[in-house]
Amino acid sequence: MDYTNRAIENELSGKAVPTYKAADFAKMIAETKPDTVIVTSIDRTHHQYIIAAPEAGCDVITEKPMTTDPEKCRAILDAVERTGRSVRVTFNYRYAPHNSALRELIAEGAIGTPTSVHFEWLLDTRHGADYFRRWHRDKRNSGGLMVHKSTHHFDLVNFWLGSQPDTVFAMGDLKFYGRANAEDRGCSPPIPAPLASEAAKDDPFAIDLTANPVQKGLYWDGEKEDGYQRDQNVFGDGISIEDTMNVMVRYRNKAVMTYSLHAYAPREGFNVAINGTGGRLELMVRETSYINAGSTSTAEGAAKGVDLYHFPLHGEARVIPIKHAKGGHGGGDNIMLEEIFGNATPKPGYGANHRDGALSILTGIAANQSFATGLPVDVRKLVRF
């Protein structure tokens, strides 16, 4: 295929971008005759392959987010309905034992009827900064962190509550990264673009792409071929996504969530509290930080520490024991991969389909609209099911 992530990334430097050719994709499908197509292209192009694969008689496994705007989402839903093929979205966080435990406790009635959720996600200045170096920094490519990253988190809340979003109101800004913020803090000119040099060794925002064989092969060596710069300046120009976001969501079951995403925190992990008519659940998770393609390890976002508490409305609080699971995304990666590609028996309700993929991104898409307008957004008007 001539429509690659790197080709689209080159838009950031004004380079010409080859166009997607449906005929090429159809030819490849006809020659290889796959049962399933796995989609891992740049976010805004997911829909092209997710739609073309069912049209060619294939099922789909796609990374998150399923797509980035309502029109593409509607087109995917229509393609699934028209062809009868399946689309699976790989929401690995569902399978992390602590997230599974939270869902099961709610389903068992541990807190009665859920009424409110407070959810805080922290990206540290290693992991968080990486979104501002790469193609994600252009909102046209990623939908911003509300779509690219928070789709994980919005899916978890849908998954925990067994509901879907109704109304979204949000505020978001670029408060830390970018040229203007650096200059406001007295960094003028802005911190230089990270380079593989002695000067970058003391810069916590610099990455040396030559120090890691994976990054060197994927990016440093390829830069002379297509001009794409993997280590762009997080304190430079060209950033159109937010780094500080706060969201309120009302769900169809009348529960309400307050959510925040902070992309320059001193630690990596998340805190969530769910209140109900019969008590409260609190989950605190500390995760390992990482830089994309920064190692050969599969433990990106592994759980370093987990605390889960149950506070009944009347009675003693208790600690819920969680069995540690190795691997990335809180241990969910290995469990999900064994279910999809191995011999594990699927857990009912855990595999996410096209509908789940749509409901997760629609919260983020609505949040982006609310950022722009300052008004609440009715999710049901974005894409009707």
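The values are calculated or read from the model by the stated rules, or taken from the named source; none is laboratory data. Just so it is clear, the structure is predicted and the values come from calculations on it, not from any experiment. All Cβ positions, even for glycine, are placed from backbone atoms using ideal geometry, and neighbour counts span all protein chains on display.
Within region 36-45, identify whether any single residue is surrounded by 20 or more Cβ atoms within 10 Å (Cβ to Cβ), in contact (Cβ under 8 Å) with a residue 40 or more places away in the chain and within 25 Å of Pro348 (Cβ to Cβ), and answer yes or no. No, every residue in region 36-45 fails to be surrounded by 20 or more Cβ atoms within 10 Å (Cβ to Cβ), in contact (Cβ under 8 Å) with a residue 40 or more places away in the chain and within 25 Å of Pro348 (Cβ to Cβ). When Arg179, Arg140 are checked against the criterion of being modelled with pLDDT of 95 or more, of a type in the set (Lys, Arg) and surrounded by fewer than 23 Cβ atoms within 10 Å (Cβ to Cβ), Arg140 stands alone in meeting it. In summary, Ile361 fulfils each of the numbered conditions (1) touching a Lys or Arg at 6+ places or on another chain (Cβ under 9 Å); (2) part of a loop (DSSP other than H, G, I, E, B) with the single exception of condition (2). Scanning region 77-104 for residues that are farther than 14 Å from Leu156 by Cβ, in contact with a strand residue (DSSP E or B) (Cβ under 7 Å, 6 or more places away or on another chain) and not in a loop (DSSP other than H, G, I, E, B) yields Val80, Val87, Arg88.
For region 146-170, a residue qualifies if it is of a type in the set (Ser, Thr, Tyr) and either in contact with a helix residue (DSSP H, G or I) (Cβ under 7 Å, 6 or more places away or on another chain) or part of a strand (DSSP E or B) (or both), and the qualifying residues are Ser150, Thr151, Thr167. For Asn246, the requirement of being in a strand (DSSP E or B), within 28 Å of Gly178 (Cβ to Cβ) and in the same structural domain as Pro165 (by TED's automatic domain parsing) is met.
Each row is one residue, and each column tells you yes or no for (1) part of a loop (DSSP other than H, G, I, E, B); (2) under 23 Å from the mean Cα position of the chain (by Cα); (3) surrounded by fewer than 20 Cβ atoms within 10 Å (Cβ to Cβ).
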{"position": "Thr210", "(1), (2), (3)": "yes, no, yes"}
{"position": "Lys224", "(1), (2), (3)": "no, no, yes"}
{"position": "Ile241", "(1), (2), (3)": "yes, yes, no"}
{"position": "Met257", "(1), (2), (3)": "no, yes, no"}
{"position": "His262", "(1), (2), (3)": "no, yes, yes"}
{"position": "Asn271", "(1), (2), (3)": "no, yes, yes"}
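Flag: Asp307 matches the condition of being of a type outside the set (A, V, I, L, M, F, W, C), in contact with a strand residue (DSSP E or B) (Cβ under 6 Å, 6 or more places away or on another chain) and at negative phi.
Of the residues screened, Glu339 is one that is touching a Pro at 6+ places or on another chain (Cβ under 7 Å), surrounded by fewer than 18 Cβ atoms within 10 Å (Cβ to Cβ) and more than 30 Å from Ile241 (Cα to Cα).
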